[in-house]
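Student: I'd like to ask you about the structure that follows.
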Amino acid sequence: MADQSTKTAPGPRTEASEGFVRGLGLFDSVMVVVGIMIGSGIFIVSADMARKIGSSGGLLLAWAITGALTIAAALSYGELASMIPRAGGMYTYLTEAYSPMWGFLYGWTLFGVIQTGTIAAVAVAFARFTGVLWPGISEANYLIAPVHITSGYAISLSTAQLLGIVVIILLTWTNCRGLEYGKIVQNLFTATKTIALVGLIVVGLFFGWNAEAVRENFTHMWHVSGQVPLATGLDAVTIFGLFVALSIAQSGSLFAADSWHDITFAADEVRDPQRTLPRALAIGTVLVIVLYLLANVAYLAVLPLHALQSAPDDRVATAMLRAVFPSYGPAVVALLIMISAVGCINGLVLAGARVYYAMSRHGLFFKSAGKLNRSRVPGWALVVQGLWAAFLVLPRTYDPLTHTYGNLYSNLLDYIISSALIFYVLTIAGIFRLRKKQPDAERPYRVPGYPVVPALYIVGAFIVLVLLFVYRPATTWPGLVITLFGLPIYLLLRRTMGAERACWLTPVMLSEAKHPARSEVKLTTET
């Protein structure tokens, strides 16, 4: 059968014979990048960033730094994506550059917290803002009251949690039906929320222009006020204090701009991936960063800095629109975030499952996750991901002093931001390693400005990491522990799930990158 497939499908193909469907063009790929990047973060995180930095100029500079780091990373990733255009993205690149262990540690963290935790967080954010329109949807409206497991943890089911789980199940189901369904949902919701975000910016800059706020925010851009102390005796008044504040604030802005690389997880379903992926990464990240910067300018054009810092529940966009349209501003923002959340969750669901598929093909995940269903998508990988993300919606944290409940996934995501940055740095450092390790490998796209562009990202991200570990240890060291906990699991999998195949993984992956048509036929015969 393999020989027959090879004869009937010479040269480039739109679809893989009995394998993945190459159904994502450049526009679709850009929509995945944009759709996953724009979640609920841009409408919220600026309040906390403003409190950490204490000045409007510092807030805009922090977002500019985020933009520079993100775009540099995206331009660098393009080389890896064109060199190894296979499903798995960062998992595949880390495995190729270093070893299967590093790829697994990333995949373990992605499944355990990064991807599934973000899906859970955005799903509950969707439910929270649905509650603005329908008050019955609330985290305090319990179907099952909190059942305390320990003094600090409980499990509950509120109407908001239930709606979040329903959204996860629904979008998992649509993606199980085939790439075309996931693509339609992604393109529709991403286009809608991008237009809506542009509308939010236009409203702030042209209809909500507040001369007093503009004078305060832009005449005295570096005046520090309302700042939360960074540490004992350290604030953003000094140059070093501002440097630390800008670095620590990146935990919010980088999270809001994260997951830009998820399109590389689905490389096997992208048409002409060696050209399309680098272009999609560049176009998508630049577009989103420009919109993010303009959104923050719009916030500062309407709200004085102190109002931005004290926005109720950190809902900066809601506070801005309430100032412009007092009667229906909050409802408009709620609808905007609901649309944004659906597009973000769908992209995360679509992309994440392809990593577990790739891991399974190499014996590092459940065997069933490495099979495609009738619709030629990794159905079991989607289901496992959806089940774990839905479960993460249920556990709650409990503060006995204030008698308030939080969400476990929120804490986990705080912990894992630093670990995610470590994987980014390692992956981009892999460009240098692979140029030495495989100098003759085909690279249809090379990083512009090499070695300066990838080196700037590595240095910038490393500085942010060091300062986070020094000044925010409570939310950084636990993430490292979560990641390292995957090491004994990896060693166990090598013995129990046949991961010894990893010893020949790198040659096979390199062969697949050079001969994608042949690898697609090999995939179907093994499955």
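Student: Quick one: is Gly107 crowded, with 20+ Cβ neighbours inside 10 Å and part of a helix (DSSP H, G or I)?
Tutor: yes
Student: Condition first: open to solvent by 70 Å² or more (accessible area, probe 1.4 Å), in a loop (DSSP other than H, G, I, E, B) and under 21 Å from His403 (Cβ atoms). Now tell me which residues in the range 122-149 satisfy that.
Tutor: Answer for the range 122-149, where residues must be open to solvent by 70 Å² or more (accessible area, probe 1.4 Å), in a loop (DSSP other than H, G, I, E, B) and under 21 Å from His403 (Cβ atoms): Ala140, Ile149.
Student: Limited to the range 239-256, what total is found for residues that are loosely packed, with under 13 Cβ neighbours inside 10 Å and more than 15 Å from Val466 (Cβ to Cβ)?
Tutor: 1
Student: Still on this model: Residue under question is Val244, and the condition is that it be of a type in the set (Val, Ile, Thr) and either over 28 Å from Val425 (Cα atoms) or part of a loop (DSSP other than H, G, I, E, B) (or both); does it hold?
Tutor: Here the answer is no, as Val244 does not meet what is asked.
Student: A further question follows. For the range 368-385, state whether one or more residues are open to solvent by less than 30 Å² (accessible area, probe 1.4 Å) and within 22 Å of Trp134 (Cα to Cα).
Tutor: no
Student: Further question: When you check Tyr98 against the structure, is it open to solvent by 10 Å² or more (accessible area, probe 1.4 Å), more than 28 Å from Val333 (Cβ to Cβ) and touching a Leu at 6+ places or on another chain (Cβ under 9 Å), yes or no?
Tutor: yes
Student: While we're looking at this one, here's another question. Sort out which residues of the range 167-199 are among the β-branched types (Val, Ile, Thr) and open to solvent by less than 40 Å² (accessible area, probe 1.4 Å), and write them in order of number.
Tutor: Residues satisfying the conditions are Val167, Ile168, Thr172, Thr174, Val185, Thr190, Thr194.
Student: So which of Tyr471, Tyr450, Tyr457 ends up being in contact with a strand residue (DSSP E or B) (Cβ under 9 Å, 6 or more places away or on another chain) and not basic (Lys, Arg)?
Tutor: Of Tyr471, Tyr450, Tyr457, the one residue that is in contact with a strand residue (DSSP E or B) (Cβ under 9 Å, 6 or more places away or on another chain) and not basic (Lys, Arg) is Tyr471.
Student: So Phe432 fits all but one of (1) more than 22 Å from the chain's Cα centre (by Cα); (2) buried (at least 22 other Cβ atoms within 10 Å of the Cβ); (3) at pLDDT 95 or above; what number is the exception?
Tutor: Of everything listed in (1) more than 22 Å from the chain's Cα centre (by Cα); (2) buried (at least 22 other Cβ atoms within 10 Å of the Cβ); (3) at pLDDT 95 or above, Phe432 misses just condition (2).
Student: Of all residues in the range 212-238 being open to solvent by 30 Å² or more (accessible area, probe 1.4 Å) and outside any loop (DSSP other than H, G, I, E, B), which is farthest from Ile71 (Cα to Cα)?
Tutor: By that ranking, first place goes to Glu212.
Student: Still on this structure, I have one more. Restricting attention to the range 18-57, report how many residues are within 28 Å of Ala301 (Cα to Cα) and over 23 Å from the mean Cα position of the chain (by Cα).
Tutor: Looking only at that region, the number is 6.
The values are calculated or read from the model by the stated rules, or taken from the named source; none is laboratory data. If you're wondering where the values come from, they're calculated on a predicted model, not measured in any experiment. Counting neighbours? That spans all protein chains shown, and the Cβs are built from the backbone with ideal geometry, glycine included. Remember, those area values only see protein heavy atoms, side chains included, never the ligands or the DNA or RNA. Shrake-Rupley method; radii C 1.70, N 1.55, O 1.52, S 1.80 Å.
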